[in-house]
Each structure stands twice: as C-alpha cells, then as structure tokens.
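**Student:** My questions will all concern the structure given below.
The values are calculated or read from the model by the stated rules, or taken from the named source; none is laboratory data. If you're wondering where the values come from, they're calculated on a predicted model, not measured in any experiment. Here the Cβ positions follow ideal geometry from the backbone for every residue, glycine too, while neighbour counts run over all protein chains shown. For the accessible areas, the whole protein counts, side chains as well, though only heavy atoms, and no ligand, DNA or RNA atoms are used. Shrake-Rupley method; radii C 1.70, N 1.55, O 1.52, S 1.80 Å.
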Amino acid sequence: MANYQLAVETRDKLGSASVRKMRRSNLIPAVIYGSGKPALPISVDLRSLEKALTTSGSLIDLAIGAEKKTVIVKDVQMEPVKGSILHVDFHEVALDRKLETVVPIRIINEDARPNDGGMVATLLWELAVTCLPADIPEAIEVDVQNLEVGSTLLVKDLSLPAGVEAVTDAEEAVVKVDARTGGAAGAE
C-alpha cells in the first residue's frame, strides 16, 4: 500500500499569537522530530490532515517543498471540549530500521462462533509490536471462531504478519470466552 501524501509548509513564527492566527486560517501547527535531528516546525492544512489521520495505513510522506520525509504520527493534541485538532507531532522514520509501535487488535468471526452460551471478552485492545515501518499492519486480526467456553487466547497464540514481532508480554491474555451468567431473578 502506498503511503499517504501530505503537503506541508515550514513555519518561522512560533508562539501562541501566530498559532491562533494559523488555526483561524484552517492551518494546524505541527512538528517533525527525527533521531539526532533538530525539531522542524511546520503547518498543515486542517482538512488534508484530517483525511490523512482517518486513512488506513500508518506511514505518511510529507512534502516540504522539494524535500520528502516519511513519518508516522506520534501524538495528536485535541481540544477537550470541541474535539478539534490543536497540534500534531510527527516522527521521521528510517525505512530500513525497525521501530516499536502500537497496533489495534480487531476481533473477527465472533458471529461464527458456536452457539454454546459463551461470550467473547476482549482483554487487550492494542498490541505493542516491532517491525520495519513499511511492515506496520493496519490491525492485528484475532479470529475467535473456534474458541470454546473457557478458552483464552494469549499474545503468543496470535498469528502475526511476516516481519512483525510482539513486544507485549507473550503470556498476556488477548480474548477469552466466558459462560454467560444469567441473573437469577426470583430464584432462591
């Protein structure tokens, strides 16, 4: 899958007054960090940024004039009441060096499970992994179709894509199937 392309501009003016003015013009302040490089303050169009954040895939190619930097989103600051984006931190990645990141867990085939009265309980919603930036999966799919009541699936039981290794403890439970407990109303 191709990286999302996002055009950005460097910014010279720093400080709250210039940031407020940028936001009124639908520009969001951001910073690109890189290992051993000074932080680079940039601005990005709000609509383009929102689209980049909702598009699947974790790598983004930032075009800064004629220069291109491949980054991942490290942090998004949101306004607590309105929920609007205030600031974004990007981290420049080397495509030939493994990095540690967090990937969401997606439960699949829950409706294909036998009708044995069991209920699937998700215990882990995301998984810390290490891999090359180009190998970062969109999500780790966990198939619960064959789990029976009383079964627990651990991190070590997951089928990870090639080149992806779990950092999360191998003995940590991801999902389990419990027997439904009915309320004993009126039973004595």
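**Student:** With a sphere of radius 12 Å drawn around the Cβ of SER35, what net charge do the other residues whose Cβ falls strictly inside it have (Lys, Arg +1; Asp, Glu -1)?
**Tutor:** Values: positive: LYS37, ARG97; negative: GLU92.
With Lys, Arg at +1 and Asp, Glu at -1, the neighbours total +1.
**Student:** If R0 is 22 Å, what FRET efficiency do you get for ARG106 and VAL149 from their C-beta distance, rounded to 0.05? Write down the numbers at each step before the final one.
**Tutor:** Numbers: r = 22 Å, r/R0 = 1.01.
The pair ARG106/VAL149 has a calculated efficiency of 0.50.
**Student:** Would you report the distance distribution of C-alpha pairs in the range 64-188 as whole percents per 10 angstrom bin, up to the bin with the largest distance?
**Tutor:** Binned Cα distances yield the sequence 11, 30, 26, 20, 10, 3, 1, 0.
**Student:** Please compute the contact order of the range 54-119 in relative form: average sequence separation of alpha-carbon pairs under 8 Å and at least six residues apart, divided by the residue count, as a percent. Walk me through the numbers before you get to the answer.
**Tutor:** Working: 56 pairs, mean separation 13.2, N = 66.
Relative contact order comes out at 20 percent.
**Student:** Quick one: pull the percent of accessible area on the range 1-118 belonging to carbon and sulfur, 1.4 Å probe, ligands and nucleic acids left out.
**Tutor:** Details: 3700 of 7300 Å².
That share works out to 51 percent.
**Student:** Residues with beta-carbon under 12 Å from that of GLU126, excluding GLU126: net charge, scoring Lys, Arg +1 and Asp, Glu -1?
**Tutor:** Working: positive: ARG106; negative: GLU172.
Combined, the nearby Lys, Arg, Asp and Glu give 0.
**Student:** Okay, moving on. How much net charge surrounds MET78 when only the other residues with a Cβ under 15 Å from the Cβ of MET78 are counted, with Lys and Arg +1 and Asp and Glu -1? Spell out each step's value before the answer.
**Tutor:** Details: positive: ARG23, LYS74, LYS82; negative: GLU50, ASP75, GLU79, ASP89.
Its environment carries a net charge of -1.
**Student:** When only C-alpha pairs under 8 Å and at least 6 residues apart count, what is the relative contact order of the range 56-188, in percent?
**Tutor:** Details: 246 pairs, mean separation 30.5, N = 133.
Worked out over the range 56-188, it gives 23 percent.
**Student:** Accessible area per residue, 1.4 Å probe, Å², for the chain: what's the number? Intermediate results must be reported in sequence, preceding the final value.
**Tutor:** On the way: 11440 Å² over 188 residues.
Computed with neighbouring chains in place, this is 61 Å² per residue.
**Student:** Could you tell me whether the range 1-110 comes out rounded, prolate or oblate from its Cα gyration tensor? Rule is a ≥ b ≥ c as square roots of the eigenvalues, rounded for a/c under 1.5, then prolate if a/b exceeds b/c, otherwise oblate.
**Tutor:** The shape class here is oblate.
**Student:** What's the long-distance tail for the range 61-132, i.e. % of Cα pairs beyond 13 Å? Walk me through the numbers on the way to the answer.
**Tutor:** Numbers: 2007 of 2556 pairs.
Value for the range 61-132: 79 percent of Cα pairs lie more than 13 Å apart.
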